[in-house]
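Data first, discussion second: the structure below is written as C-alpha cells.
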Amino acid sequence: MTTIAGAAAAVTGAASGIGRALALELAARGCDLALADRDEAGLQAVSAEIGNRQKVTVHRVDVGEPKEIADFAAAATSAHPGLNIVVNNAGVALMGQFDEIDQAQMDWLMNINFWGVVHGTRAFLPHLNGQREAHIVNLSSIFGIIAPPGQTAYAAAKFAVRGFSEALRHELAMAASPVRLSVVHPGGVATNIARNSRTGSGMTDNARRAQSIERFDAVAQTTPKDAALRIIKGIEKNQPRILIGNDARFMDLLQRFRPATYWSVMARRIEKMTKAGK
C-alpha cells in the first residue's frame, strides 16, 4: 500500500473537477502537493483553500505539450524530493460523430487524454522508482470499458489509457518495482467536462449539443468529492482498477454479459434517466 499521510503527490487537471477535489482530500490527509493545470487562477484558488496545512506548489502546465510535462516533473520533484504519488487526471471532451470531427480535433484530444498520460508517466517514473513506495494513478473512464456513439475520439483515448496502464502495471510487477499503478474508470461525475467540451467542426446542431449536456447532467450522479475519496481508497489499498459510481459498476458488468450488444440496453437506460431528471 501507499500511505497518504506524509506523502507528496503531483496532480494534473487540479484546478477543477475531480483533480481539485482530490487535491483537497489529499491535503486533508497530510499529503503535500504539486498541482498542475492550464487554469492558473483555479490553481491559486485551490492552493488558498488548502492554506498552510500542507506544502503546495502550483504549476501552469498544458499536458498536451510534452516539454511542459517534463518541466513540471523536474520542478515538482525538486520542490518535493519525496514525491511518490502521480495522478494523471487532466482531460478534455469532444462532441460529435466521427464524420463530424476533423483529424486536427482528434489529435488535440489524443494529445491531452492519452499522450498526456503517457508523457506524464514517463517524466515521473524514474523518480518514482527511487522511492520506497510509490503510486501512479491514470484516469481512464467508463468510456475506456464501453464505447458509446458520438465518443469515437474520447473512447479511443480512454481505451488506450487503460491498455497502456495495464501493460505497464504488469511490467512494473515483473521488475519488482516499488511503483504501483491504478487505472480509474469514473462513470458520470458532476463536473463541467461536458459543458466545457469542444464541438466537432462538422457538428452544426446546437440543439443536439444542448441535449448531450442535459443527458450528461442527468446521469452524472457522483460528486467530485466522492470520486476523490474512492481514488484515495484505491491508492491506499493498491487496487489496480478503480470503478467510480454505481453506473460504472453496472456498465462494466453489462459489457461482460453483452460485449458486442450492450449499447441498445444502455441507450434505453440513459433515455429513462434523462426523462426522470426533467
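The values are calculated or read from the model by the stated rules, or taken from the named source; none is laboratory data. What you see is a predicted model, and the numbers here were worked out from it, not measured in a lab. Backbone-built Cβ (ideal geometry, glycine too); neighbour counts: all protein chains shown. Quick note on the areas: whole protein, heavy atoms, side chains included, nothing else; ligands and nucleic acids left out. Shrake-Rupley method; radii C 1.70, N 1.55, O 1.52, S 1.80 Å.
Below, the figures for the structure above:
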read-out: Computed FRET value (nearest 0.05) for Ala267 with Asp39, which takes r as the C-beta separation and R₀ as 30 Å; value: 0.30
read-out: Carbon and sulfur %, accessible surface of the chain computed with the full protein complex present, 1.4 Å; value: 53
read-out: Net charge of neighbours whose Cβ lies under 9 Å from the Cβ of Arg60, counting Lys and Arg as +1 and Asp and Glu as -1; value: -4
read-out: Theoretical FRET efficiency, 1/(1+(r/R0)^6), r = Cβ-Cβ of Met174 and Lys237, R0 22 Å, to 0.05; value: 0.55
read-out: Separation in nanometres of the label points that stand 7 Å from Cα toward Cβ, at Arg132 and Gln97; value: 5.8
read-out: Among the listed pairs Lys67/Lys237; Lys55/Lys233; Lys67/Lys158; Lys158/Lys225, those beyond 25 Å (Cα-Cα); value: Lys67/Lys237
read-out: Between 0 and 90°, nearest 10: helix 17-28 axis offset from the chain longest Cα axis; value: 30
read-out: Neighbourhood net charge (15 Å Cβ-Cβ; Lys/Arg +1, Asp/Glu -1) for Ala48; value: -1
read-out: Residue list for region 9-24, given a label point 7 angstrom along the Cα-to-Cβ vector of Asp71 and an amide N cut-off under 12 Å; value: none
read-out: Cβ-defined net charge surrounding Leu24, 11 Å radius [Lys, Arg +1; Asp, Glu -1]; value: +2
read-out: Solvent-accessible area per residue, Å², over the chain with all protein chains present [probe radius 1.4 Å]; value: 46
read-out: Theoretical FRET efficiency, 1/(1+(r/R0)^6), r = Cβ-Cβ of Ala210 and Ser78, R0 41 Å, to 0.05; value: 0.35
read-out: Computed label-point distance, nm, for sites Glu166 and Arg53 using a 7 Å Cα→Cβ extension; value: 3.6
read-out: Relative contact order computed over the chain (Cα-Cα under 8 Å; 6+ residues apart), in percent; value: 20
